[in-house]
Amino acid sequence: MQILTKIDKLKKNIVLAVGTFDGLHLGHMKVITTAVEIARQRGCKAGVLTFANHPLQYLNPSLQPKQLLDRESKHALLAAAGVDVLAEISFDKSFADLSADDFLNLMKDKQIVVGEDFRFGKDKQGSTKDFKDAVICPLVKVDDEIVSSSRIRHAISDGNLSLAEKLLGRPYTLAGTVQHGDERGRQLGFPTANLDIQQYELPPLGVYAGKVRTENKEYAGMVNLGNNPTFKMFQPRLEVHILDFQGDLYGKRIEVALLKYIRKQGAFAGAEQLQAQLQKDKEEILLAIK
């Protein structure tokens, strides 16, 4: 998949899905797969025009939502969907100041595919009725409600991972580079890989059953999401003990899919009590993900 950072680098003969696509949920993917299908029928390239940053990061940083998907995962999902060209541009002053007519001019000679709620141009002046021949995809519904990134964020923050998975079309996944921790888990017999997850929308703190993917292999995982009150550590983080894994992951990328809530976090009298609970968690997680 070719990645561009400027709109003017897009060629004319292309079918282009356009949108913020911040979570690549079922609604987003309907727009994108429609563009891919049309492109294949026409024998031309399928493209996506989206942003490297969420528009609210520029327009109103205090309202910028938490991340649902990291960039590398987004690229992989788009490539797997058959996208040939990704134009991933910065939402900045120059783009925010574009009038609706300016944007339409940029899109001329391209077949555009958008969702029916698509708005564009300065202050969202433009709508789908302003396109002459765009393909307009109906909004996707699940359980009689429209699929949206805000709905997914609410589901995640409420701890409803099963609903989030239905809306996304895949398990909610946190990804990043493994960092050094305090190695306390290793001392307890449960070594963990640690991720910085401050940028993500997070479910309630606690222990989760998960799947961990690294270097094209998948493993069961015991995921602790939160702080560590037993050892007086209160900065939220993700620690995952990867079952049946041997090796060094420091500095490597992993993806952690959250599948099922197991229990809330809590303080224990000491290391032995915590170790006993971790063994119980392991047994429950193995049953949960079979």
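When all alpha carbon pairs of region 106-212 are counted in 10 Å bins from zero, the resulting P(r) reads 11, 28, 24, 20, 11, 5, 0 %. In this structure, the amide hydrogen of I197, modeled 1.01 Å from its nitrogen in the peptide plane, lies closer than 5 angstrom to those of L238, counting only residues at least 5 positions away or on a different chain. When the Gaussian network model of the chain links Cα atoms closer than 10 Å, the mean-square fluctuations of Q198, Q246, Q275 top out at Q246.
Of D123, D92, D244, the residue with the largest accessible area leads and the full order is D244, D123, D92 (1.4 Å probe). Given the alternatives (1) 0.96; (2) 1.00; (3) 1.03, Rg/Rh (Cα atoms, Kirkwood Rh) as computed for this entry is given by (3).
Of the listed pairs K45/K166; K66/K122; K260/K280; K74/K264; K252/K282; K9/K93, which have alpha-carbon separations greater than 26 Å here?
K45/K166; K74/K264
Of all beta bridges that DSSP places with both ends in the chain, some 65 percent have antiparallel geometry. Here K280 sits with roughly 130 square angstrom of accessible surface, probe radius 1.4 Å. Going by the alpha-carbon gyration tensor, a ≥ b ≥ c the square roots of its eigenvalues, is region 28-118 rounded (a/c under 1.5) or, if a/c is not under 1.5, prolate (a/b greater than b/c) versus oblate? Judged from the Cα gyration tensor, region 28-118 comes out oblate (a/c at least 1.5, b/c at or above a/b). Over the residues of the chain, the helix contribution to mean residue ellipticity at 222 nm works out to -8000 deg cm²/dmol, using -39500 (n - 2.57) for each DSSP H run of at least 4.
Taking every protein chain into account, the 1.4 Å probe leaves R71 with about 120 Å² of accessible area, to the nearest ten.
In the chain, the portion of solvent-accessible area held by carbon and sulfur atoms comes to 48 percent [1.4 Å probe, whole percent, DNA, RNA and ligands not counted]. Here the Karplus curve 6.51 cos²θ - 1.76 cosθ + 1.60, taken at θ = phi - 60°, turns the phi angles of region 25-41 into couplings of 7, 4, x, 4, 5, 5, 4, 5, 5, 4, 4, 5, 4, 5, 4, 5, 5 Hz, with x standing for Gly and Pro. Please report the antiparallel percentage of the DSSP beta bridges confined to region 16-167, to the nearest 5. Here the antiparallel bridges make up roughly 25 percent for region 16-167. Rolling a 1.4 Å probe across the protein heavy atoms gives region 28-137 an accessible surface of 52 Å² per residue. Annotation: amide H-H contacts under 5 Å for Q265 (H modelled 1.01 Å from N, sequence separation of 5 or more, or interchain): G206, V207. Site pair N60 and I3 shows an inter-label distance of 3.0 nm when each label is modelled 7 Å from Cα along Cα→Cβ.
The values are calculated or read from the model by the stated rules, or taken from the named source; none is laboratory data. Given the structure is predicted, the values throughout are model-derived calculations rather than measurements. Note that each Cβ is placed from the backbone with ideal geometry, even for glycine, and that neighbours are counted across all protein chains shown. Note: accessible area is taken over every heavy atom of the protein model, side chains too, but ligands, DNA and RNA are not part of it. Shrake-Rupley method; radii C 1.70, N 1.55, O 1.52, S 1.80 Å.
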